[in-house]
Every structure is written in C-alpha cells, then in structure tokens.
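Asks: Let me begin by handing over the structure; questions about it come next.
The values are calculated or read from the model by the stated rules, or taken from the named source; none is laboratory data. It should be emphasised that the depicted structure is a prediction, and the values quoted were computed from it without experimental measurement. Virtual Cβ from ideal backbone geometry, glycine too; neighbours counted across all protein chains shown.
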C-alpha cells in the first residue's frame, strides 16, 4: 500500500473551480463511496475519480483509489499518472516518490518533479531526474521545466543553467516556460550578463524572452542595456508586458516623459493593465512629479484596473516622498483605503514629512479602530512621529506629556 491512515473524507472542490460540473462532482463522490464499500470500479472510472480528487485537493483520496485498484490488479500507468498529478497539485512530493517505486515513466516523473518543486525540494527533483537517466527514461520539455523551476525556487540557479544547457544539447526544444525559468534564475543570481547572452544568441527570440531578459537587467540596475534590448525587441512586435518592462527601464533612468508616452500608447491600444499604471506611477517618485502620479492613478481607476489597490499604494508612496499630505489623505479617503496597512503607512509618512503630527495621531487612532495591526504600519507610524519632531521641534510625544 502506498499510503495508509485515517478514514478519508469525501473530496469537496473549492468554490473557485466553477468549471468543474456539479453533476460530475456528485458522480465522483458516489464512485468514491462505492469504492469504499467494496463495490467494483473499472480503471477508466477510477482514473476520472483520481482526477476529481486532484481538483478537490484531496491527494490522500486519490492514493486510496490507486491502492484499491492495485490490490485488485486493475491499476495501470494512466491511473497512476492521474494519482501522481493529484499529489503534485498539493505539493505532496513524498507521496509522488512513493508512487514511482512501482515504475518510472516520463509523465509520472514530470508530475513528481512538479510536486518536488511546489514542496521546495529541489534536491529531490534533481535526484529523480538523475534516476530517470539511469533507467533510460528520456525527460521531455515538461520534465526539464519543472526541474529548472524547482532549482530556481531553491536558489540553485547554477543547476538551472546546467539543465537548460542540457536541454539544448539533447535537442529538447525549450518552451516559453523554459526561458521563463532560466530567466528567473538569472534575476535571482543577478546574472544579467547571462540573461543578455541568452537574448542575443537565440535565433528568433520572442517578446516573452525579451521581456524576461529586460526584467533581469532591471533587477541589476542595468536599465540602459534593457533599453537596448527594447529597441531590438520592437522589430518582433510589442505587447503589454514588453512595453511595461520598457516603462520600468525609463522609470529607472528617471525619464518620466518617455514613461508617459508609452503609457499613452498602451491606452490607445487598450493594452494598459495594472502593471503599466504601476510602473508609470512609480516613475514619478524620483522626479517628484506627484501631480502626474495622481493623473496616472485617476486614469487607472477610470480604466477599471484590477490592480487599483496596488496603484493607489504606489501613488501614496509618491505623495509621501513629496510630503503632499492633503492629497495623500484625500486619496486615502476617496478610494476607501483606510483598511489597508500599506496605504495607511504611506499616508502616515506623508503627514510625518510635512510635520502634521495631529494628522499622524488621527491616522494611528483610525487604524486602531479598524483593527489594523502590521509591522509595516507600526514602523510607518514611528517614522512619521519622529519626522514631525524633527520638522517642528514638537510632536506627538510632546503632546502626550502635556
């Protein structure tokens, strides 16, 4: 038996999975009840049941299905693959490795490596990849992608680079996910040179590759090189992600006018998203153009951006840097952000830098009434209170002792 333990509950899928038909779910529940009561179940139905358990995040139930069918000598590779996938969806990496003791195949191994990735077990992922080689099971692009992602998340970026090179050597065509994984490793390792090399040496780099390489360069504060890539990337066509990366590069260089040009182009093409507006707003902080940040915020709200809270918090940070406390408080109130710790913290900093200690106290009191407690907010409150003392020689501490 792969797994034994306490009695299993019926799987109950999360409400967000609306694509899972209710009738199919009821049928799956019925099949599991039949199996638990000892009634026969064919392998095709068992495979469907295992997949249903995976969607419901009930990997123990999926293993129960496999163990039962295996005891009846009905389990096959397809059923095992479905069970391994169910375990992978829950990051149950140990269970996936136990299932592979029955035998290795590329589908099951790929799912098991995904489970190791999600479980932060990159060493196990590489160990399984090595075992595949020993048993002459050829990894495919999905296998390599999962292994590289595991290494990237485990901060073993050198191994991710080795795996990518191995893919190319074995003529396993890298996918967009492959490039995303290796570029993420470049960002974590601050290996911007390697990211740049990858973008240059590829025969036909696409927009995703260019955008990922630009992000790696921006992480290393190499915005000039990111703009060089941007110029080349425009020959392949642009999209929202690539233009957002270009906006980040111009923002990092302090050229807010170019940011404004790109944002306007995105708006004309109906491609402006939350990231684009956020980059535009962030570009205003270094230049002190808080009025422009406010106009970008208003534009994001008018466009119905899903990231309005992020945009608002970024705008409040700009207002804090410029010490325009009235604008910060108006935005905090108008956009109903008083319940958000990050937004309140930015408003506190704006008031503190302007020496408005009474407003600082009022915001702190309001946060307490709303039961907002966080390290970010506490630090912002302390910083704001100290700033008011430096600004005027009097402040909240003086007030409290008089």
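Asks: Does residue 305 satisfy the condition of being in contact with a helix residue (DSSP H, G or I) (Cβ under 8 Å, 6 or more places away or on another chain), closer than 17 Å to residue 283 by Cβ and buried (at least 22 other Cβ atoms within 10 Å of the Cβ)?
Replies: Taking the combined requirement at face value, the residue does not satisfy it.
Asks: Out of the stretch 33-79, which residues are assigned to a loop (DSSP other than H, G, I, E, B) and surrounded by 14 or more Cβ atoms within 10 Å (Cβ to Cβ)?
Replies: Those that are assigned to a loop (DSSP other than H, G, I, E, B) and surrounded by 14 or more Cβ atoms within 10 Å (Cβ to Cβ): 41, 56, 57, 58, 74, 75.
Asks: Let me ask something else about it. Could you list all residues from the stretch 89-121 that are in a helix (DSSP H, G or I) and over 23 Å from residue 172 (Cα atoms)?
Replies: Residues satisfying the conditions are 89, 93, 94, 95, 96, 97, 98, 99, 100, 101, 102, 118.
Asks: What do you reckon, is residue 124 in a helix (DSSP H, G or I) and touching a residue at least 12 places away in the same chain (Cβ under 8 Å)?
Replies: Judged against the criteria, residue 124 is a match.
Asks: Could you identify the single residue in 115, 147 that is at pLDDT 90 or above, under 26 Å from residue 70 (Cβ atoms) and surrounded by 20 or more Cβ atoms within 10 Å (Cβ to Cβ)?
Replies: On inspection, the qualifying residue turns out to be 115.
Asks: Let me ask another. On the given criteria, is residue 195 touching a helix residue (DSSP H, G or I) at 6+ places or on another chain (Cβ under 7 Å) and closer than 26 Å to residue 118 by Cα?
Replies: Yes, satisfied.
Asks: Which is out of contact with any helix residue (DSSP H, G or I) (no Cβ under 6 Å at 6 or more places or on another chain) and surrounded by 18 or more Cβ atoms within 10 Å (Cβ to Cβ), of 286, 241, 276, 299?
Replies: Only one candidate qualifies: 299.
Asks: Which condition breaks for residue 152 when tested against (1) modelled with pLDDT of 90 or more; (2) farther than 21 Å from residue 80 by Cβ?
Replies: Among (1) modelled with pLDDT of 90 or more; (2) farther than 21 Å from residue 80 by Cβ, the lone unmet condition for residue 152 is (1).
Asks: Any residue that is in contact with a helix residue (DSSP H, G or I) (Cβ under 7 Å, 6 or more places away or on another chain) and over 22 Å from residue 184 (Cα atoms) - is there at least one of those in the stretch 217-232?
Replies: No, because not a single residue in the stretch 217-232 is in contact with a helix residue (DSSP H, G or I) (Cβ under 7 Å, 6 or more places away or on another chain) and over 22 Å from residue 184 (Cα atoms).
Asks: Do we have residue 211 as outside any loop (DSSP other than H, G, I, E, B) and closer than 24 Å to residue 250 by Cβ here?
Replies: For residue 211, the condition - outside any loop (DSSP other than H, G, I, E, B) and closer than 24 Å to residue 250 by Cβ - is met.
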